[in-house]
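Written below as structure tokens is the structure these notes are about.
Readers should treat all values here as calculations from the given coordinates under stated rules, not as data from a laboratory. As the structure is a prediction and not an experimental result, all values here were calculated from the model. Don't worry about glycine lacking a Cβ; one is built from the backbone with ideal geometry, like all the others, and counts go over all protein chains shown.
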Amino acid sequence: MAHLIAPSLLACDFANLQQECEMLNESEADWFHLDVMDGMFVPNISFGIPVIDFINRHAKKTLDVHLMIEQPDRYITQFKQVGADVLTVHYEACTHLHRTLQAIEQEGMKRGVAINPHTSVELLEPVLENIDLVCVMSVNPGFGGQKFIEGTYRKVERLRTMIDQRGLNTLIEIDGGVTSANARKLLDAGANVLVAGSFVFKADNPKRVILDLKQC
């Protein structure tokens, strides 16, 4: 399967949000990656349901919603209603992860689980069969533009082995510090989906950057 590119709108120009959505529609991007932060699970606040509803009215591609929030179960239905196709919750934020994943599946969305840099991939073993996507955080969550954590490659390799040994189709997504300098190495380690924020939206030619990542 060809790898997917999911630009993170956290780094886009929110004063021109519709134009940024149209740019992604016209680009080689596969997904819109949407980071929701509550100021509690992570030390930052981003955007929520009304903004995603607006993006959904203009986006023509998959909405990949990443919840960096506490008690995400409270909002699963609402995110479905505003167009989420993939809904990712943090392992660290879910007391009853299996139940949360069931609730996401019941709403007809793909089930994603994100893990922070300090979280071992082995902790996902009991629920790996119930996950459609694992989002490996390659920076500490909460802010864009951070430096990539080099230990990510080993985590991706181990996770890829776990998935392949079980014959699963679970996708591995990398979120944080992704650039053309490390994209190929991440894909070789076993990643399927690359999230890039500042590297795309701060570029002089975002469409060209997306194409370059797609052709890695």
Q.
At 1.002 mPa s and 20 °C, plugging the Kirkwood radius over alpha-carbon pairs of the range 53-161 into Stokes-Einstein gives what diffusion coefficient in µm²/s?
A. 147
Q.
Looking at the calculated P(r) for the range 119-193, what percent of the C-alpha pair distances fall above 22 Å?
A. 19
Q: Pick out which of Ala181, Ala11, Ala189 has the largest mean-square fluctuation in a Gaussian network model of the chain, springs linking Cα atoms closer than 10 Å.
A: Ala181
Q. Which of His58, His90, His33 moves the most in a Gaussian network model of the chain with Cα springs under 10 Å?
A. His58
Q. Which whole-Hz ³J(HN,Hα) couplings does the range 27-37 yield from phi under the Karplus relation 6.51 cos²θ - 1.76 cosθ + 1.60, θ = phi - 60°, glycine and proline marked x?
A. 8, 8, 4, 9, 10, 9, 9, 10, 8, 9, 10
Q. Cα-based Rg of the range 4-214 per 2.2 N^0.38 Å, rounded to two decimals?
A. 0.94
**Q.** Under the Karplus curve 6.51 cos²θ - 1.76 cosθ + 1.60, θ = phi - 60°, whole-Hz ³J(HN,Hα) for the range 175-190, x wherever Gly or Pro sits
**A.** 10, x, x, 6, 9, 5, 6, 10, 4, 5, 5, 5, 5, 5, 6, x
Q. How much mean residue ellipticity at 222 nm does the chain get from its helices, if each DSSP H run of length 4 or more adds -39500 (n - 2.57) and you divide by all residues, to the nearest 500 deg cm²/dmol?
A. -9000 deg cm²/dmol
Q | Size of charge dipole - the range 4-214 - debye, nearest 20, with Cβ of Lys, Arg +1 and Asp, Glu -1, no other charges | A | 260
(Q) Can you return the aspartates and glutamates within cross-link range of Lys207? Criterion is Cα-Cα under 14 Å, with same-chain partners fewer than 8 residues away left out. (A) Glu20, Glu22, Glu26, Glu28, Asp30
Q | Loop trypsin sites (Lys or Arg not before Pro), the range 21-61 (other Cβ atoms within 10 Å of the site Cβ: 11 or fewer; DSSP) | A | Lys60
(Q) Need one number: % antiparallel among DSSP beta bridges in the range 4-214, to the nearest 5. (A) 5
Q) In straight Cα distance, which lysines are under 26 Å from Lys214, not counting same-chain residues fewer than 8 positions off? A) Lys60, Lys61, Lys110, Lys147, Lys155, Lys185, Lys202
(Q) Considering all projection directions equally, how large on average is the shadow of the alpha-carbon convex hull of the range 91-153, in square nanometres? (A) 4.9
